[in-house]
1. Give the angle, between 0 and 90 degrees and rounded to the nearest 10, that separates the Cα long axis of helix A:2-20 from the longest principal axis of the Cα atoms of chain A.
2. Using the Cα gyration tensor of region C:7-84, with a ≥ b ≥ c the square roots of its eigenvalues, what is the shape: rounded (a/c below 1.5), prolate (a/b larger than b/c) or oblate (neither)?
3. At a 10 Å Cβ-Cβ cut-off, how would you order C:HIS334, C:HIS446, fewest neighbours first?
4. Suppose only helical runs count, i.e. DSSP H with n ≥ 4. What mean residue ellipticity at 222 nm does that imply for the protein assembly as shown under -39500 (n - 2.57) per run, divided by all residues and rounded to the nearest 500 deg cm²/dmol?
5. Please give the contour-minus-distance gain from C:LEU376 to C:PHE468: 0.36 nm per residue of separation, less the Cα-Cα distance, rounded to one decimal in nm.
6. Extending each Cα 7 Å along its Cβ direction at C:ALA29 and C:ASP208, get the distance between those two points in nm, one decimal.
7. Rounded to the nearest 20 debye, what is the charge dipole size of region B:56-127 about its Cα centre when +1 sits on each Lys and Arg Cβ and -1 on each Asp and Glu Cβ?
8. Which of the peptides C:336-342, C:49-55, C:166-172 is most tightly packed, and how do the rest follow, going by the mean number of other Cβ atoms within 10 Å of each residue?
Amino acid sequence: MYPIIVFSVSGLLMLFLGLSVNKKSLLPYNLLFMLVGLASNFLDWNAPGLYFNGMLEISNPIILVQWVLIFAAILVSGISSRQFDDTHAYPAEYYAIMQFALVGALIMVSFQNLLMLFVGLEILSVGLYVLTGSDKRNLRGNEAAIKYFLMGSFATGIFLFGVAMFYGATGSFDISSGNSVANNLLEGKMFFWLGMVFIFIGLLFKISAAPFHFWTADVYQGAPTVFSAFMATIVKTAVIFALFRLAAYSFNLEYENWSKFLVIIIGLSMVIGNVTAVFQTNFKRVLAFSSISQAGFMLLSLIGLGAQSYGNLGFYSLSYALATISAFGVFLVISSNTIVEGRPSENINVFDGLFSRNPDLAIILLISMLSLAGIPLTSGFWSKFFVLNDAAAKGYFWILILGVLMSAVSLYYYFNPIRASFKKTDLGKIEISSLSKYTLYVCAALTILFGIAPNILRSLF
Amino acid sequence: MVSQFGFVLLFMIAGIFLVLLVLGIARILRPSRPNPEKNAIYESGEETEGTAHVSFNLRFYIVALIFILFDVELVLLFPWASVFGDKALFDDTKGVWAIYAGIEMFIFVFVLALGLVYAWKKGHLDWIKPSQEETNFKSPVPKELYKDINEKYA
Amino acid sequence: MTFIALIPLFPLIGFLINGLGYGKISKTAVPWIGTGASLLSFVCVLLAYLNFKETAIIVNLFDWISIAGLNVGFSFQLDQLSIIMLFVITGVGTLIHLYSAGYMSHDEGYGKFFAYLNLFLFSMILLVLGGNYLMMFIGWEGVGLCSYLLIGFWNKNTDYANAARKAFIMNRIGDVGFLIGIFLILQNFGTLEYLEVFEKAKAFHVGDGIIVAITMALFVGAMGKSAQIPLFTWLPDAMAGPTPVSALIHAATMVTSGIYMIVRSNVLYTLSPFTLEFIAWIGLATALLGATIGLFQNDIKKVLAYSTVSQLGYMFLGLGVMAYSSGLFHVITHAFFKALLFLGAGSVIHAMSDDQDIRNMGGLWSKIKITAITFLVGTIAISGIPPFSGFFSKDEILAHVFEHNKIMWALGMLGSFMTAFYMFRLFFVTFKGSFRGTEEQKHHLHESPKSMTTPLIVLAVLSAIGGFIGFPEVFHLPHRLNEFLSPIFENSRLVNSSFGVVHISHNLELILMGASVLVAVISILFAYMVFGNGKNVPVADSEVVGLKKLVYNKYYIDELYNKVFVGPISAISFFFANVIDKKLIDKIVNSVGEGVNFSSKKIKELQVGVTGSYILFMTLGILLLVLYQFGPSLLSTFNLLQNK
């Protein structure tokens, strides 16, 4: 609960700092605020309960997820160093919006009332629409922002429609009312079901699960890379946990009902995400499609929905965030060093010869790709292992087989950058700011650490 | 049994019906003799030119946004005021109620005011936004030359 | 106990030093570190073996994961099976490290190479020393990754990089099976620790459906890693890697991990005769297929690669007839002679200035004597001539096969005939006759340095006498291997009474032995008649016709795979990427990118159109989902309401 307050205030502060402070010293302030938020989160530790008149729930597992969110935001800020130096960038606004969006994300993982979920979702989404279009001189970015906004509003509409039906059926916005009503209404049940499906669909759109994924590639490509990373990690984590809360508290008695269509969505996401990624040449599009397939994997833990699923999902989110942020971070550095036609190149061949240009970055890229592909001794392996085990526990073996097969397919495109980075080249060395360097080191080190000793993180949840 | 919303519905139906009725009566009674002069758009006597679909200055939009901000503020202020003045609540809590509610509203207004200050500081309220952009263009002509000429013919 | 933890630690340290210090460590220190790490590991294995007493030792370093319902330790299990595998891995591994010090000395990525080799060794040790299936899987994936890195080692060449990727992805497809096997075990046994799983497995009946499913899934993993039909095509392609890699990974150690896995899970397999029968036939088919393709290959490494595929087939054949220890026996002897052959081939290639085509060789016998003699030892060993090692292990397998199924035995003998033929063909064409290469190559011909010939000699000795660890019963000499391994199969004996019962009489055994020797000798004579004079050289690619062409082109299996699997998937992906994504979406995005040339009105139209169609797709998706989900129930609810 405290970080919500901290970030609300610090976002405003950030805006005004932008008026008075030098552009380059904004990032340290931003990191400072985020660290304060991170620290304030632990004030709630061991004080579970409902807050704000039963609007938000705080418990240790929720605090951990919030910690994941804030930590991911810190990492994203870390890789943003030197990215907003040119005259047309307004880092104060970007960082402020990031903090506001974070507020939305924090609300989304702790809501107890569907209205709060809606408020959180909107705070998060509106911030992201703006961030997507923040590079005003990039036509692609502008288009992406409008597209994202239109489709996002559409999804929000569907979501709200679902919430209305939920209210109509149960007479309450409290998420726990789903269960109390599910068993005894006949007429209301139809609305309850429809509401459930629409709420699910509205949220599935936000984590870009197929067939609601169409915006993903365009938006990831159009948005400035830092914000693509933000989108890929924080939004995904927040929404999947919102879905999990709903699945676990409102709709768990209806498991038979929604799991039936969720597995189809999972299968579609895995197949469409992985298969489409294979021939992409734009790295951001590759990561966009990879994020679609990863969304499929994350949803597996909803299918599992056992005592361990929450922790599995938490582990998945953090390890996915670490790998994705380091992939985006490495890409950001190289692409801003490779200018084609006046813009940073986004083609996969920017990685050519990375190993000789900057070996550290190449190794970090290797680790991150291996983790995304789920190779052992990286945290990505365990995260996939956990969620697949969850699905297996419920007897969904066909989705398990599909998942493992698709992760084999994913190797194909995850190896492309690795292959490129070991090519010979005569291009010069790549310099990198020390902040993003250490951020990337942290990502890679944690990926390996959690790969070797997953229990460190997993036992927390 | 008609519920509360039923009354609303009845009002709406009655409203629509009344409007249609009046317009219908007028249509029956009035003479209808249109000519081009009559059909023209009335713009205070000026002749209209071009299409109405033109780009407006973006500043209208920003001003409109700020207006909306305070408009919406009022939407909250009215119901708040009616609850704030609730005598029973006031008595129940020995006045603490009013203090809390007052502080809350001050925070709310303060945040909005901050927004206004921010927009003001950023210069969004000035109709012509002053902007002096340094260009990276390196002119081969030294700056002193311009200065000299300016002074010479000043 | 400390020795056990040290076994994998040394290669890991070696990897870290050589890997992190890449470019900083002097070239003379690199091989010392790499080989030293491997040797120290071998010494630890030796010490661990000397301290070992009968019962398995479990060392749990730390809890890998411990949550309710899932408890896996980072644990090592030292028992007879892992000791044998460790001896092979670290022993042969050390020799190959030593060999690489000479072979790779001219390569610029020297340090990187040794780092990868040590990493491979580490993964392989994890694989065989791990105390549960997850540890095995970690090692399993680790060796796959190292194999990828080492095949693609000379990654300047795109073909090599593709071969590397092919190897990794094919392995990954096999791993699908392995992982599913692991999940099945976890769901049905609630644990992954070997001892607990095998203990619980005893409660199952022979032929239980779950066990069949588990064993089949695990075997799919083995197919991928150990290059069995239909997942074998990556192995010959993997020859793109440096020769020591081929020797270490693609002949001696990694490819046998599938066999290790089955021997390790022998209880489960014994419980599932159906799977065993399946394994036996797959193994046999692979043995024959590999052997026939090997008959006509002209690349010295490709011949050895197909021979490896074929020999792996024999091992699986042995496992399939429940002759687990015989399969493992063949793993050991095969490690000796195949590593020897590969390293010998490397020495030949080294001498030939990196030419691998045997049609350009010939008459090398006198030029590179040590290599030639050791190569001959390896060739005799693989052909199954007593008292060389290959004879003992292969004969043991075939004896068990005879007992199981006579047709299988006959086919096995056929494969054995072909093996002897293609190996001696390779030997004669390479070393006999006169030199057919260019003048330049002839000028360069030289024996390899000491660091390369020493491993050859050691391996030649091992290939010659390695079979003595397991004498056939008929000679009344001790079968040390069987005695040593016996505790491993304790559970198998308990669950299936037919395990390990030998019906074969001593006379019959002698006859079978004689037959197999006879077949080998005839085959060698045949090869000598055709190729022995060194005149008869395989023809150029274009002149190969008819049935021979089919075999020469490896039955067009690669092409078939491309058509059947890669093609459609590529097509779908191409469709998604290029038609849907590029043509439909990208085109519009691009046109927006070139927006300067477009009137804003047009862009607006396009934009709205596309987003509209996105939303249309979404809406269709929603509609379908709702109908799928609630169609029936909605209908019935409406009916109910109406009836009211």
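1. 40 degrees
2. Numbers: a/c = 4.73, a/b = 1.50, b/c = 3.15.
Oblate is the answer for region C:7-84, as a/c is 1.5 or above yet b/c matches or exceeds a/b.
3. Details: C:HIS334 30, C:HIS446 10.
So the ranking, lowest neighbour count to highest, is C:HIS446, C:HIS334.
4. Working: 54 runs with 875 residues, N = 1259.
It comes out at -23000 deg cm²/dmol, rounded to the nearest 500.
5. Working: separation 92, 0.36 × 92 = 33.12 nm, distance 1.92 nm.
That pair, C:LEU376 and C:PHE468, stretches by 31.2 nm at full extension.
6. My value for the distance between the label points is 5.6 nm.
7. On the way: 5 positive and 7 negative charges, 65 e Å.
Computed about the Cα centre, the dipole is about 320 debye.
8. Values: C:336-342: 30.4, C:49-55: 10.3, C:166-172: 24.6.
Ranking, from highest mean packing down: C:336-342, C:166-172, C:49-55.
None of the figures in this text is laboratory data; all of them are computed from the coordinates on show. Since the model is a prediction, treat every value here as computed from it, not as a measurement. Cβ: placed from backbone, ideal geometry, glycine included. Neighbour counts: every protein chain shown.
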